[in-house]
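Okay, so here's the structure we're looking at.
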């Protein structure tokens, strides 16, 4: 299964894994699954860090490099992902989450998220 990390899931996976549900943790630890990190999440975190709204244990660039070294794939935002937004009902208002949902749908991935609003998108498989 392909797994796309929601931004908060990335932070928990890279830092405090105890915040992930047992199901999400089991899926993320399964070597048969492919884990992906979106450029949209890196963008969102960089904005929040720059605004002083968020801090990480390690600098963001170090966290991203560590995740890549551990086999987490880096998923760019493509034109196809952006165009897929037009098919999403306006359930979620957060533009970063909407992009992650569009990416998950386009890439055939499960979105690893604890966001109950994300779970309202019927075509998105959410791992809690």
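The values are calculated or read from the model by the stated rules, or taken from the named source; none is laboratory data. In this text, all values refer to a predicted model and were calculated from it rather than measured experimentally. For neighbour counting, all protein chains shown are included, and Cβ atoms are generated from backbone atoms with ideal geometry for every residue, glycine included.
Points worth noting:
- Answer residue from segment 1-19, given it is outside any helix (DSSP H, G or I) and under 13 Å from the mean Cα position of the chain (by Cα) and is farthest from residue 113 (Cα to Cα) among those: 2
- Between 28, 100, 74, 56, the distinction of being in contact with a strand residue (DSSP E or B) (Cβ under 8 Å, 6 or more places away or on another chain) and outside any helix (DSSP H, G or I) belongs to 74 only.
- For residue 67, the stated conditions do not hold, so it cannot be described as part of a helix (DSSP H, G or I), without any contact (Cβ under 8 Å) to a residue 24 or more places away in the chain, surrounded by 13 or more Cβ atoms within 10 Å (Cβ to Cβ) and touching a helix residue (DSSP H, G or I) at 6+ places or on another chain (Cβ under 9 Å).
- As for segment 113-120, it holds at least one residue that is at pLDDT below 95, assigned to a helix (DSSP H, G or I) and loosely packed, with under 14 Cβ neighbours inside 10 Å.
- On inspection, residue 47 passes the criterion of being at pLDDT 95 or above, out of contact with any helix residue (DSSP H, G or I) (no Cβ under 8 Å at 6 or more places or on another chain) and assigned to a helix (DSSP H, G or I).
- Residue ID - farthest from residue 120 (Cα to Cα), chosen from residues in segment 77-89 that are in a helix (DSSP H, G or I) and either in contact (Cβ under 8 Å) with a residue 40 or more places away in the chain or touching a helix residue (DSSP H, G or I) at 6+ places or on another chain (Cβ under 6 Å) (or both): 80
- Which listed residue is more than 12 Å from the chain's Cα centre (by Cα) and either on the phi > 0 side of the Ramachandran plot or surrounded by fewer than 17 Cβ atoms within 10 Å (Cβ to Cβ) (or both), from 85, 105: 85
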